[in-house]
Amino acid sequence: MKISVIGYSGSGKSTLAAALGRRYGAEVLHLDRVKFGPGWADRPREVMLREVEEFLGTRQDWVIDGNYSDLLHDRRMAESDRIYFLDFGRWTCLGRALRRWWRNRGQTRPSMAEGCVEKIDAEFFWWLVWSGRTPARRARFTRVVRRWGNKVTVVKNQRALSRLYQREGLV
């Protein structure tokens with residue numbers, strides 16, 4: 001089973017990916033860990049691409065959490081058996097991110113790059129409610145749904161996500 005989990009920041013991608021990985025016995029790759037090094041510094045592009053390519057090429061089953069169009073996006077989508085798009089509203093994502101921060105403040109979650117502690121600052125707030133939802137970014141998600149619609153599940157709210165967890169046996 002090869003699964004991609006995409007969607008907006010704060011929507012629950014990492015949590016869903018980890019649950020799917022456990023359910024299907026598949027290794028999970030969190031693209032935030034690939035993209036960033038300590039202190040959220042971008043890693044060299046060739047290093048990131050090599051890491052994602054190696055992951056895709058050496059595993060029969062996998063779950064990949066994240067968007068990043070510059071990290072073999074089309075290949076990941078094409079090779080996925082399933083794609084879950086978490087399409088929650090901006091205020092829902094902000095609330096979820098605030099709860100996540102409260103639970104994990106001062107810690108590094110497993111889906112984060114080493115040494116990057118959970119935080120909410122002005123830059124991340126702005127990303128959650130505005131920069132991460134530009135028309136171009138929304139159009140990218142729309143293209144995924146149109147191109148690979150037969151294997152895409154769009155999850156728009158917590159009720160639908162809870163049903164997905166039940167249906168997949170993730171609870």
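Of everything in the stretch 79-119 that is basic (Lys, Arg) and at pLDDT 75 or above, the residue that is nearest to Val28 (Cα to Cα) is Arg82.
Please pick out the residue among Ser80, Ser69, Ser11 that is open to solvent by less than 10 Å² (accessible area, probe 1.4 Å) and either out of contact with any Phe, Trp or Tyr (no Cβ under 6 Å at 6 or more places or on another chain) or free of Cβ contacts under 8 Å to residues at least 40 places away in the same chain (or both).
Just one listed residue meets the conditions, Ser80.
Given the condition part of a loop (DSSP other than H, G, I, E, B) and among the aromatic types (Phe, Trp, Tyr), answer yes or no: does some residue in the stretch 149-167 qualify? The answer is no; no qualifying residue exists. Just to be sure before I move on: is Arg105 touching an Asp or Glu at 6+ places or on another chain (Cβ under 6 Å), of a type in the set (D, E, K, R) and at negative phi in the structure I sent? Yes; evaluated as a whole, the condition is true for this residue. Mind checking which residues of the stretch 23-39 are modelled with pLDDT under 95, open to solvent by 40 Å² or more (accessible area, probe 1.4 Å) and under 16 Å from the mean Cα position of the chain (by Cα)? Answer for the stretch 23-39, where residues must be modelled with pLDDT under 95, open to solvent by 40 Å² or more (accessible area, probe 1.4 Å) and under 16 Å from the mean Cα position of the chain (by Cα): Asp32, Arg33.
In the set (1) crowded, with 21+ Cβ neighbours inside 10 Å; (2) within 26 Å of Trp130 (Cβ to Cβ), Val52 fails one condition alone, (2). Within the stretch 140-151, residues that are in contact (Cβ under 8 Å) with a residue 12 or more places away in the chain have Cβ atoms under 7 Å from residues that are open to solvent by 40 Å² or more (accessible area, probe 1.4 Å) and in a helix (DSSP H, G or I) in no pair, counting only partners at least 6 apart in sequence or on another chain.
Number of residues in the stretch 122-148 that are farther than 17 Å from Tyr8 by Cα, exposed (fewer than 11 other Cβ atoms within 10 Å of the Cβ) and of a type outside the set (A, V, I, L, M): the value is 1. Among all residues of the stretch 86-93, there is none that is surrounded by fewer than 13 Cβ atoms within 10 Å (Cβ to Cβ), within 20 Å of Met1 (Cβ to Cβ) and in contact with a helix residue (DSSP H, G or I) (Cβ under 8 Å, 6 or more places away or on another chain).
The values are calculated or read from the model by the stated rules, or taken from the named source; none is laboratory data. Keep in mind it's a predicted model, so treat the numbers as computed, not measured. Methodologically, a virtual Cβ is constructed for each residue, glycine included, from the backbone with ideal geometry; neighbour enumeration extends over all protein chains shown. In case anyone asks, the SASA skips ligands and DNA or RNA and just uses the protein heavy atoms, side chains included. Shrake-Rupley method; radii C 1.70, N 1.55, O 1.52, S 1.80 Å.
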